[in-house]
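Values in this text are rule-based calculations from the coordinates and carry no lab data. Computed from a prediction, not measured in an experiment: that's the story for all the values here. Reconstructed Cβ throughout: ideal geometry from the backbone, glycine too, with neighbour counts over all protein chains shown.
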2 protein chains.
Amino acid sequence: MTSSAAPTICGLTMQDYLIKAEEFHGHLSPGVTMGGFLVDAAWELLGPTPYINAVVETVVCLPDAVQMLTPCTLGNGFMQILDWGKFALTLYDRETLKGARAWVDRERVAERPAIAGWFLRGAGGLVLPKDEVVAEIARQGRELLQVRPVSLPAALKSQDKVATGPCPACGESYPLRQGPACLACQGQAYYRP
Amino acid sequence: MTSSAAPTICGLTMQDYLIKAEEFHGHLSPGVTMGGFLVDAAWELLGPTPYINAVVETVVCLPDAVQMLTPCTLGNGFMQILDWGKFALTLYDRETLKGARAWVDRERVAERPAIAGWFLRGAGGLVLPKDEVVAEIARQGRELLQVRPVSLPAALKSQDKVATGPCPACGESYPLRQGPACLACQGQAYYRP
């Protein structure tokens, strides 16, 4: 991609990507827009990868960009989530463990007040309506990130099958290694009848 | 749905649901097939819900059924994940905190050897090729689950904006509450340059 060409995201025009994002994510956000650029940059550096896996370093927005653009989802196990609060991701080949990590560069963001107001939580930036921030990121996203080759010591996906059995309290199936009852019956239930 | 009618999943024919599942999840699995029935049953009991949220009690397969069928995704924050290893989920209204929880009933599974081989990890069941298990679940999924109204004491989604700053080691943005450096620079990095 040259800087004069209209940006694309994994082969999609920006408009097509934003339509897809609005449909899956439910609304257009700065995060899912920026996330498209991170996926695009990491995948471009990684090159064609038959066994692609992803690690996403935040639960916010970015996982949806990965799930829309790559074969990696939370439920199929090829996208791993770390709740680190970092707007960064790695795409890697689970056979070779070679990957590419992309992240948002704070200093480049800080030079652009329209985007700094979002990414730096208002510290020194303009506070603009969300759709204006989205439009700015759609234009400049590629210039806001860095990407670098990395390797992983091990694949993050666990292949273990864990033994399950009936919880003696509720009767539901649970992993036996969690103790004598399921986590809900151990007091962690988020619901009540 | 009457037991004599062909099963549907959230208004989709089973065939359409399975095509969608194969496309998003990457392959057809027993889990994503069963997951469609859990979402369908919980949503049916809950009824029309403008502010729908989801809690999924496992990271395996089931999150993808929720993300395909509801407006709730990991990245938009309306799907919450608990890594409990339980094949169960709750859909709820985040305004009223009324919900419906659906789960797979071990005893009903145990009566069906074709499905028990999958769900009970081979304990007393037949070990069949995956596509045969998928076909059995597609036929009988609704009979394998239970669903019940629940309420939540509080919405699970955190609305807090956390303060971020540059990590003094790598320069990347991270939540300051995590300590003097980001979690990668505190020794948790899953990658190396």
Rough spin-label spacing in nm, given labels placed 7 Å along Cα→Cβ, for B:Ala163 and A:Leu97: 3.9 nm
Extension gain (nm, one decimal) between A:Arg139 and A:Tyr51, 0.36 nm per residue minus Cα-Cα: 28.6 nm
Whole-Å distance, taken between Cα centres, linking segment B:134-165 and segment A:20-81: 22 Å
Label point 7 Å beyond Cα of A:Ala181 along Cβ direction - residues of segment B:76-102 with amide nitrogen under 12 Å: none
FRET efficiency, A:Val127 to B:Glu111 (Cβ-Cβ, R0 56 Å, nearest 0.05): 0.40
Selection of trypsin sites (Lys or Arg not before Pro), segment B:65-149, meeting DSSP coil and at most 11 other Cβ within 10 Å: none
Contact order relative to length of segment A:91-193, as percent, for alpha carbon pairs under 8 angstrom and 6 or more apart: 22 percent
Nearest-ten-degree value, helix B:30-46 long axis tilted from longest Cα axis of chain B: 90 degrees
